[in-house]
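Read through the structure below, which is laid out as structure tokens, and then see the notes.
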């Protein structure tokens, strides 16, 4: 059975998953790499489009809509006395040198945006804010005009930078999947004792690699539509364990471990 057919039947058939326990370890590892591709594609796409549209919107706003400003000695200074907020294509840009707004305030206002605040630069992605104080760059100084020129160069550099980031995202997610499989396979050994099945840890590891298919594909679909699933991690692990348990249950009791 080829890997893509294995992926399909692993969505619903513990019996087929049980049959994969004796296959070569190399094929199982290849399966995990391919499964990870499916899980990474939605977040990689949303990340790329958000960054690209964000830089474009930010550049256009700095160029034509934001008042002139300067960041020097860890502090923002502009020509306005009140916060300025501009929304462009679902991306919010806020300029505030009054000190009234904080990172949490920006995150509460938008899902995706940038806050150029009194003492920090705040990035908001999917409602999560990341604060970067100007003070971390001692002696840092930039004007709105210089920032505009930088953004023009950054937009063209995305063709190189984004693929590199996505590759690192893929490798990181793959490593997490292997760690998850190693850990869940331990539960497989507990299940095999309770079910009186004669399998080794190697069998349990292979079974676990296929048992995580259903939750992985489910959450990839949810990520595609940017749907938030409450307690997602717990649900993912629970479904994986259920599929692993049912798969071990399908193994004949009189089979000897190899």
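What follows is calculated from the coordinates using simple rules that are stated; it is not laboratory data. Since the model is a prediction, treat every value here as computed from it, not as a measurement. Cβ placement follows ideal geometry from the backbone for every residue including glycine, while neighbour counts extend to all protein chains displayed.
With q set to 0.13, 0.29 Å⁻¹, the log10 of I(q)/I(0) for segment 65-126, from the Debye formula over equal scatterers at the Cα positions, is -0.29, -1.30. Springs between alpha-carbon pairs under 10 angstrom, Gaussian network model over the chain: which of 47, 238, 33 fluctuates most? Of 47, 238, 33, the most mobile in the Gaussian network model is 238.
When the Cα atoms of segment 87-181 are aligned to their principal axes, the ranges along those axes come out at 50, 33, 30 Å in descending order.
Normalising by the residue count of the chain, find the relative contact order in percent from Cα pairs under 8 Å and 6+ residues apart.
Details: 362 pairs, mean separation 62.7, N = 258.
The value is 24 percent.
Note on residue 105 and residue 249: the extension gain reaches 46.7 nm, defined as 0.36 nm multiplied by sequence separation minus the Cα-Cα distance. With R₀ set to 30 Å, the beta-carbon distance separating residue 169 from residue 143 gives a calculated FRET efficiency near 0.35.
The Cα center of segment 197-237 and the Cα center of segment 24-39 differ in position by 13 Å.
Taking the longest Cα principal axis of the chain as reference, the axis of helix 213-224 is set at about 20 degrees.
The base-10 log of I(q)/I(0) for segment 131-214, evaluated at q = 0.17, 0.25 Å⁻¹, reads -0.83, -1.13 [Debye formula, identical scatterers on Cα atoms, solvent excluded]. Ordering 149-158, 190-199, 102-111 by mean Cβ neighbour count within 10 Å, with the highest value first, yields 102-111, 190-199, 149-158.
Just to confirm the number: angle between the C-alpha axis of helix 232-249 and the first principal axis of the chain, 0 to 90 degrees, nearest 10? With both axes taken from Cα atoms, the answer is about 10 degrees.
Against the chain, whose longest principal axis comes from its Cα atoms, helix 201-211 is set at around 60 degrees.
Kirkwood radius and radius of gyration were both taken over the C-alpha atoms of segment 126-167, and their ratio Rg/Rh is 1.06.
In segment 174-258, how does Rg compare with the Kirkwood Rh, expressed as the Rg/Rh ratio over alpha carbon atoms?
On the way: Rg = 14.0 Å, Rh = 13.4 Å.
Result: Rg/Rh = 1.04.
Mind checking which of 78, 48, 240 has the largest fluctuation in a GNM of the chain, springs on alpha carbons under 10 Å? Its mean-square fluctuation being the largest, the pick is 78.
Considering only 139, 59, 90, the Gaussian network model of the chain with Cα springs below 10 Å gives its largest mean-square fluctuation to 139. The packing ranking of peptides 52-58, 169-175, highest mean first, is 52-58, 169-175, where packing means the average number of other beta carbon atoms within 10 angstrom of each residue.
With contacts taken as Cα pairs under 8 Å and at least 6 residues apart, segment 64-156 reaches a relative contact order of 28 percent.
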